[in-house]
Amino acid sequence: MSIASPANHGSAWRERSIVPGFGISFGIIVTALSLIVLIPLAALVLKAASAGPADIWALASSPRVLGALRLSFGAALLAAFVNLVFGVLIAWVLVRYEFPGKRFIDAAVDLPFALPTAVAGIALAAIYAPNGWIGSLLAPLGIKIGYTPAGVLMALIFIGLPFVVRTVQPVLAEMEAELEEAAALLGASRWRTVWSVIVPPVLPAAMTGFVLAFARAVGEYGSVIFIAGNVPMVSEIAPLLIVIRLEQFDYAGAAVIGVLMLVLSFIIILALNLFQGALRRRLGHV
Amino acid sequence: MSVLLQIDNAARQFGSFAALKGVSLAIEPGELVALLGPSGSGKTTLLRLIAGLDFLDGGRIAFDGVDGNALSLRDRRIGMVFQSYALFRHLTVRDNVAFGLRARPRQERPPSAEIDRRVRDLLALVQLDGLEGRFPSELSGGQRQRVALARALAIEPRVLLLDEPFGALDAKVRKDLRAWLRDLHSRTGHTTVFVTHDQDEALELADRVAILHQGRLEQVGTPDAIYDHPATPFVCSFLGETNRLPVEVQGGQAWLDDQPVYAASTTNVIGPADLYVRPQHLKLDRPDVSPLAGVVEFVRRHGAIRRAEVAIRGLSKRLDVDIGGEIAPSHGERVGLRIQKAHLFAAA
Amino acid sequence: MSDASLAADALPVGRPTGHRTVARGESAVVRVVLIGVGLGFLALFLALPLAIVFLEAFARGWGAYRAGIADPDSLSAIQLTLLVAAITIPINVVVGIAGAWAVAKHEFRGKSVLVSLIDLPFSVSPVIAGLVYVLLFGAQGYLGPFLKSQGLQIIFALPGIVLATLFVTFPFIARELIPHMQALGNADEEAALTLGASPWRTFLMVTLPNIKWSLLYGVLLCNARAMGEFGAVAVVSGKIRGLTTTMPLHVEILYNEYMSVAAFAVASLLALLALVTLAAKTFLEWRYADEIVATRRH
């Protein structure tokens, strides 16, 4: 029997549904998305392109821009890695062990999501500046954190801290006790059980958290500028360069750096996601 | 008799999957009809099409002669009991049941005293008096199901639709609710269509059973008619346990290995065929007089009866034979089998 | 039919996970070390900065603290921050519900693209979020001359601050609602519609009560970000004292002018906001865990 489809697929791209309101809700979200996000971002690309290839290249290859990009991306990756290690550890401790104040600490992990970045920034500066709470203790030892790239790293660790914890926690919590019990009954040592039963499902989730922490850290501004010292070529981050260009009314230059940042971070996030996909397949996830 | 719900050639396609391939069915007022089939047979799709929750790709569904496409959901007046019940969790039992009445446009809405009275009557009907103030989360599964039913009945539906009404309940509750629903239907007389994958449920409850398989209607009829006279091999094997014997039909006899095992005089099947025999229609006989003989390999208890598994030479599957009052054969004993009743279908 | 038989099918009780059993334990030493390292890390990175904010704010006593906040510029910064939140949150609620409704309740091609685009602001630097509006509406921006001829000011004024805040908070509410509405499915809406309810009544009486806690959760996170946003707002505000400085910007100005106590005093208000947000969020997660299917990645 042949099936004619007259009424049903009224438009090819949308399934007809009895639930109303598609037109108006889709209209609102697309309009808002275009006005608030997409058109402004298009203006950014347009402005950057208006600079012309020669100027773009000159800017992109200038030592100061390169230094800032290297610092922003390098510190973000390093901070995300620190958060990967400690995030998995903290998630493990919060899921598996009982200790006083656990619920309170669990809630506190989200503080970096809730605390305004400027507040974090001045607090970190007050801690790690050479005359700060910890900085003054380290200064006699010749260790400087505030106003150096290490300060940038501290700020980026702070703002990225919750991501890995929050992606790994549910995976650990939902893991079936039977899996570990089966491994133990089959004679595996505790470490072998951890390695072969717990790590495979946790790793992809931890990677997801890593990517999120990295994406957040790359563009971070508020918490960094107070503690970085902002020395060109040393502790100056890429978003700050954009602000400086804007203050000099060099719109095109600011736009070029902005587009460079976006393109670089999308390439890195894409690569990390591909790696994570490969990891999932390797570890037998669907 | 008049037709309340007329389904003509209903078809529905999901991407490349044809969920319904042209199903026609007429339902009369007051009938209790079961849509029976395995999962993926299209029964829920058909129910949702009747309800107006999904759209036909072909064919037509009409209510009292009016095309469903011309009716809004409100005008269709369908009382639907969802498989998950879809009770509004933030509303009490009372407000759930009253929802459809309060949702009417002002000029059609009954006064609130009248709504209260109808809700009370309905809750009494489904035996939930006293639970008006509860929230769905405070009810058992069976109670939730009855709230969903009362809510659907409140709008005085033209047709009551039930999607796997007993699916989410445990075995004991299912049995109780089944009898209760049958009783309720005979008292209220609502035209009812329900979906189930459970043959016993369909056969016990329904006035007529429509069997769906791979998007097609295989057979529709009273429980007795479809059970005793299955139209297709699928219906025969879906409605109960069967043994399948590959036979050759020649001269009014079905032959297995040159032995005439069943008189096939009333059929027009000729040549290779499949003979479907239910375990209760195989009777033990003396091996020397029976054309069908084999060795008993197992005897097991099967609920109220015992069942023997008999290996027949030339057949890869053992035959299931129900043993009633007679003395059970012992393991390894050679027995003959007599086929009392069977269904013959040309080999696929 | 007896109700005793109906009461039997209660909710299934799952086996608790995440608990230590014989086969799942580490030795006490390993446990103590792991807990110690984890808590030490959190103390250094979370507790210490938070404590410092209040220690510095009260470094010269209650009087200095109050003076820092009671300063007219501080008060106007507080006012502006509240105003910006009061404008952006209702917009985000409407847009977020619309986005979640379109995505979670309907099937259409390109849906995953739309979801990615809604999430896009999460992976754009706040500074760029501000920059794009300067490029559009700034004095030398694409629409700058036109706006000037009309006597309209967006950059270095309230509209710019609102736009930049909208950009960075755009995904928050939709992100909370989409997974929740997808988990709920369409059955409740279908039930309401077959019972004869109008679309608007279905939304108000059925959908909205179902999603209210995850909506509130989204609003909470959205509000925290809207009041605390720094980078995006810094770029578009022009930092005109008493006029276009929000609380975070005011903190920066005070800090750069070496008015440490005042800076930390205003910062402590924002820290309090963060603590209240965390407490409310934790309460919602605890009380309405089933009704918040959030992804929690902000």
Any residue at all in the stretch B:38-46 that's within 14 Å of chain C (Cβ to nearest Cβ) and surrounded by fewer than 19 Cβ atoms within 10 Å (Cβ to Cβ)?
no
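Among the residues of the stretch A:135-151, are any among the β-branched types (Val, Ile, Thr) and part of a helix (DSSP H, G or I)? I'd like the intermediate steps shown before the answer.
The first filter runs over the stretch A:135-151 and keeps only residues among the β-branched types (Val, Ile, Thr), leaving A:143, A:145, A:148.
The next check asks that each one be part of a helix (DSSP H, G or I); those that pass are none.
No, there is no match, as no residue in the stretch A:135-151 is among the β-branched types (Val, Ile, Thr) and part of a helix (DSSP H, G or I).
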Quick one: which helices (runs of 4 or more DSSP H) lie wholly within the stretch C:66-151 and hold at least 3 residues that are among the β-branched types (Val, Ile, Thr), on the phi < 0 side of the Ramachandran plot and surrounded by fewer than 20 Cβ atoms within 10 Å (Cβ to Cβ)?
C:72-105
Say whether the condition of being open to solvent by 40 Å² or more (accessible area, probe 1.4 Å), away from chain C (no Cβ under 13 Å), more than 29 Å from C:Leu272 (Cα to Cα) and not small (Gly, Ala, Ser) is met by at least one residue in the stretch A:79-92.
yes
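Taking the residues in the stretch A:48-61 that are small (Gly, Ala, Ser) and free of Cβ contacts under 8 Å to residues at least 40 places away in the same chain as candidates, determine which candidate is least open to solvent (accessible area, probe 1.4 Å).
Taking the stretch A:48-61 and keeping what is small (Gly, Ala, Ser), we get A:48-52, A:54, A:58, A:60-61.
This time we only want the ones that are free of Cβ contacts under 8 Å to residues at least 40 places away in the same chain, so: A:49, A:52, A:54, A:58, A:61.
Numbers: A:Ala49: 67, A:Gly52: 19, A:Ala54: 74, A:Ala58: 58, A:Ser61: 48 Å².
Among residues in the stretch A:48-61 that are small (Gly, Ala, Ser) and free of Cβ contacts under 8 Å to residues at least 40 places away in the same chain, the one least open to solvent (accessible area, probe 1.4 Å) is A:Gly52.
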Is at least one residue of the stretch B:253-275 of a type in the set (Ser, Thr, Tyr) and open to solvent by less than 40 Å² (accessible area, probe 1.4 Å)?
no
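Given the residues A:Arg16, A:Arg64, which is the only one that is open to solvent by 70 Å² or more (accessible area, probe 1.4 Å), under 30 Å from A:Gly151 (Cβ atoms) and modelled with pLDDT under 95?
Numbers: A:Arg16 fails: under 30 Å from A:Gly151 (Cβ atoms).
Result: A:Arg64 is the single residue among A:Arg16, A:Arg64 that is open to solvent by 70 Å² or more (accessible area, probe 1.4 Å), under 30 Å from A:Gly151 (Cβ atoms) and modelled with pLDDT under 95.
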Scan of the stretch B:75-103 for residues that are without any contact (Cβ under 8 Å) to a residue 24 or more places away in the chain and more than 20 Å from B:Phe135 (Cα to Cα), ordered by number
B:Asp75
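Here is a yes/no grid of residues against (1) over 24 Å from B:Ala51 (Cβ atoms); (2) open to solvent by less than 30 Å² (accessible area, probe 1.4 Å); (3) not aromatic (Phe, Trp, Tyr):
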| residue | (1), (2), (3) |
| --- | --- |
| B:Glu114 | yes, no, yes |
| B:Arg120 | yes, no, yes |
| B:Glu156 | no, no, yes |
| B:Leu161 | no, yes, yes |
| B:Lys175 | yes, no, yes |
| B:Ala179 | yes, no, yes |
| B:Phe194 | no, yes, no |
For the stretch C:197-220 the number of residues that are within 18 Å of C:Gly99 (Cβ to Cβ) and either of a type outside the set (A, V, I, L, M) or within 7 Å of another protein chain (Cβ to nearest Cβ) (or both) is 8
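Test of understanding: among A:Pro170, A:Pro162, A:Pro140, which residue is open to solvent by 40 Å² or more (accessible area, probe 1.4 Å) and facing another protein chain (nearest Cβ under 10 Å)?
Numbers: A:Pro162 fails: open to solvent by 40 Å² or more (accessible area, probe 1.4 Å); A:Pro140 fails: facing another protein chain (nearest Cβ under 10 Å).
Answer to the selection: A:Pro170.
Have a look at C:Arg225, C:Arg241 and point out the one that is assigned to a loop (DSSP other than H, G, I, E, B), among the charged types (D, E, K, R) and in contact (Cβ under 8 Å) with a residue 40 or more places away in the chain.
C:Arg241
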Being open to solvent by less than 60 Å² (accessible area, probe 1.4 Å) and either touching a Cys at 6+ places or on another chain (Cβ under 8 Å) or in a loop (DSSP other than H, G, I, E, B) (or both) is the filter here, so list the residues in the stretch B:304-342 that pass it.
B:Leu315, B:Gly324, B:Ala328, B:Pro329, B:Gly332, B:Ala342
Residue match in the stretch B:270-284 (condition: among the small types (Gly, Ala, Ser) and either at pLDDT 90 or above or closer than 27 Å to B:Thr232 by Cα (or both)):
yes
Sole residue being more than 28 Å from A:Ile36 (Cβ to Cβ), modelled with pLDDT under 95 and open to solvent by less than 40 Å² (accessible area, probe 1.4 Å), chosen from C:Ala192, C:Ala197
C:Ala197
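When you look at C:Ala232, is it at the interface with chain A (Cβ under 10 Å from one of its Cβ atoms), open to solvent by less than 10 Å² (accessible area, probe 1.4 Å), under 26 Å from the mean Cα position of the chain (by Cα) and not hydroxyl-bearing (Ser, Thr, Tyr), yes or no?
Details: at the interface with chain A (Cβ under 10 Å from one of its Cβ atoms): yes; open to solvent by less than 10 Å² (accessible area, probe 1.4 Å): yes; under 26 Å from the mean Cα position of the chain (by Cα): yes; not hydroxyl-bearing (Ser, Thr, Tyr): yes.
Criteria met by C:Ala232.
Kindly evaluate A:Ala107 against the criterion of being part of a helix (DSSP H, G or I) and either in contact (Cβ under 8 Å) with a residue 40 or more places away in the chain or not assigned by TED's automatic domain parsing to the domain that holds A:Val171 (or both).
Values: part of a helix (DSSP H, G or I): yes; either in contact (Cβ under 8 Å) with a residue 40 or more places away in the chain or not assigned by TED's automatic domain parsing to the domain that holds A:Val171 (or both): no.
So A:Ala107 fails the test.
From the list B:Val209, B:Val147, pick out the single residue that is open to solvent by less than 20 Å² (accessible area, probe 1.4 Å) and within 30 Å of B:Cys236 (Cα to Cα).
Sole residue among the options that is open to solvent by less than 20 Å² (accessible area, probe 1.4 Å) and within 30 Å of B:Cys236 (Cα to Cα): B:Val209.
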Qualifying helices (runs of 4 or more DSSP H) (wholly inside the stretch B:182-238; at least 1 residues being over 21 Å from B:Gln83 (Cα atoms))
B:223-228, B:233-238
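Okay, residues lined up against (1) within 20 Å of the chain's Cα centre (by Cα); (2) β-branched (Val, Ile, Thr); (3) open to solvent by 10 Å² or more (accessible area, probe 1.4 Å); (4) at pLDDT 90 or above:
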position: C:Gly218; (1), (2), (3), (4): yes, no, no, yes
position: C:Arg241; (1), (2), (3), (4): no, no, yes, no
position: C:Glu252; (1), (2), (3), (4): no, no, yes, yes
position: C:Phe264; (1), (2), (3), (4): no, no, no, yes
position: C:Leu273; (1), (2), (3), (4): yes, no, yes, yes
position: C:Tyr288; (1), (2), (3), (4): yes, no, yes, no
position: C:Glu291; (1), (2), (3), (4): yes, no, yes, no
position: C:His298; (1), (2), (3), (4): yes, no, yes, no
Give me the pairs: first residue in the stretch B:310-331 and over 13 Å from B:Leu292 (Cα atoms), second residue open to solvent by 30 Å² or more (accessible area, probe 1.4 Å), beta-carbon distance under 6 Å, and six or more apart or on different chains, which are they?
B:Asp322/B:Gln280; B:Asp322/B:Ile305; B:Ile323/B:Arg306; B:Ala328/B:Val299; B:Ala328/B:Arg306
Do you know which residues across the stretch A:67-78 are within 30 Å of A:Trp195 (Cβ to Cβ) and buried (at least 19 other Cβ atoms within 10 Å of the Cβ)?
A:Ala76
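Let me confirm something: among A:Leu283, A:Leu260, A:Leu240, A:Leu246, which residue is open to solvent by 30 Å² or more (accessible area, probe 1.4 Å), in contact with a helix residue (DSSP H, G or I) (Cβ under 9 Å, 6 or more places away or on another chain) and at pLDDT 90 or above? Let's see the steps before the verdict.
On the way: A:Leu283 fails: at pLDDT 90 or above; A:Leu240 fails: open to solvent by 30 Å² or more (accessible area, probe 1.4 Å); A:Leu246 fails: open to solvent by 30 Å² or more (accessible area, probe 1.4 Å).
Residue meeting the stated conditions: A:Leu260.
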Report whether or not B:Arg182 is among the charged types (D, E, K, R), over 22 Å from B:Glu132 (Cα atoms) and away from chain C (no Cβ under 11 Å).
yes
Here are some conditions: (1) under 18 Å from C:Glu190 (Cα atoms); (2) touching a helix residue (DSSP H, G or I) at 6+ places or on another chain (Cβ under 7 Å); (3) open to solvent by 10 Å² or more (accessible area, probe 1.4 Å). B:Val97 meets all but one. Which one does it not meet?
(3)
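Is it fair to say B:Ala202 is at pLDDT below 90, small (Gly, Ala, Ser) and either over 22 Å from B:Leu315 (Cβ atoms) or more than 18 Å from the chain's Cα centre (by Cα) (or both)? Before you say what the answer is, go through the steps one by one.
Values: at pLDDT below 90: no; small (Gly, Ala, Ser): yes; either over 22 Å from B:Leu315 (Cβ atoms) or more than 18 Å from the chain's Cα centre (by Cα) (or both): yes.
When the stated conditions are applied, B:Ala202 does not pass them.
The values are calculated or read from the model by the stated rules, or taken from the named source; none is laboratory data. Just so it is clear, the structure is predicted and the values come from calculations on it, not from any experiment. Glycine gets a Cβ as well: all are built from the backbone with ideal geometry, and neighbour counts include every protein chain shown. Remember, those area values only see protein heavy atoms, side chains included, never the ligands or the DNA or RNA. Shrake-Rupley method; radii C 1.70, N 1.55, O 1.52, S 1.80 Å.
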